[in-house]
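Shown next, in structure tokens, is the structure this report addresses.
The values are calculated or read from the model by the stated rules, or taken from the named source; none is laboratory data. All values derive from a computational prediction rather than experimental measurement. Ideal geometry is used to build each Cβ from the backbone, glycine not excepted, and the neighbour counts take in all protein chains shown.
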Amino acid sequence: MTERIKKKAEEIETWNFVFPNQSNPYGNMFGGELLAIMDTTAAMAAIRYAEKTVSTASVERVIFKKPIFVGDRIKTVAKVVLVGRTSMMVRTDVFVDKGGAEGDVLSTTAHFTLVAFDEERVPSEVPELIIETDKEKKQSELAQQIKDHVGRREVRIKEVVEKWK
């Protein structure tokens with residue numbers, strides 16, 4: 001068995017305008033439209049990191065902090081913050097560009113888990129993550145807590161389902 005390579009994750013950034021067809025009658029951006037943009041940016045970060053095809057396995061801890069409106073310019077930032085053997089958790093944040101002194105305002109945050117695949121669509125090993133800064137360490141620890149919570153939740157759900165069969 002070969003030793004896994006180690007790699008530093010890079011931050012991927014995309015920009016979008018919010019158009020009327022992406023909003024409700026009150027001018028607020030649909031959550032599903034925003035999640036699609038976030039998922040795409042998370043996938044780009046995961047592909048860049050793993051250098052393989054990826055597919056989204058789950059989305060956790062989606063927090064809509066501030067609304068986004070038609071005409072807003074949004075910046076989506078994604079970075080791999082935790083890796084397993086074949087999966088990566090990508091923290092994805094969306095900022096509204098307010099310009100001037102106000103700058104970028106955090107609107108939405110979520111953690112996407114993506115799995116890497118080889119040419120035959122079989123889950124494939126990803127590099128080990130190099131963590132250097134305090135910020136990277138904190139983001140990785142939070143991602144691990146989310147992963148642990150999801151695992152406990154899945155066990156409880158399975159127990160309930162088995163109980164009611």
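Suppose we keep only residues that are farther than 16 Å from F64 by Cα and of a type in the set (D, E) within the range 98-133. Which one would you say is surrounded by the most Cβ atoms within 10 Å (Cβ to Cβ)?
E125
If A42 satisfies all but one of (1) closer than 17 Å to K147 by Cβ; (2) assigned to a strand (DSSP E or B); (3) at pLDDT 95 or above; (4) touching a Leu at 6+ places or on another chain (Cβ under 9 Å), what's the number of the condition it fails?
(2)
Please specify each residue of the range 52-61 satisfying the condition of being at pLDDT 95 or above and either assigned to a helix (DSSP H, G or I) or of a type in the set (D, E, K, R) (or both).
K52
Of the residues T92, T2, which single one is among the β-branched types (V, I, T) and in contact with a strand residue (DSSP E or B) (Cβ under 8 Å, 6 or more places away or on another chain)?
Going through T92, T2 in turn, the sole match is T92.
Of all residues in the range 134-165, how many are surrounded by 12 or more Cβ atoms within 10 Å (Cβ to Cβ) and either of a type in the set (V, I, T) or more than 20 Å from G84 (Cβ to Cβ) (or both)?
Residues that pass the stated criteria total 2.
So, in the range 53-92, exactly how many residues are closer than 15 Å to Q139 by Cβ and not β-branched (V, I, T)?
8
If I ask for residues that are aliphatic (A, V, I, L, M) and part of a strand (DSSP E or B), which ones from the range 111-136 would you list?
L114, V115, A116, L129, I130
Counting only residues that are free of Cβ contacts under 8 Å to residues at least 40 places away in the same chain and more than 11 Å from the chain's Cα centre (by Cα), which one in the range 85-96 is surrounded by the fewest Cβ atoms within 10 Å (Cβ to Cβ)?
Applying the filter and picking the extreme gives S87.
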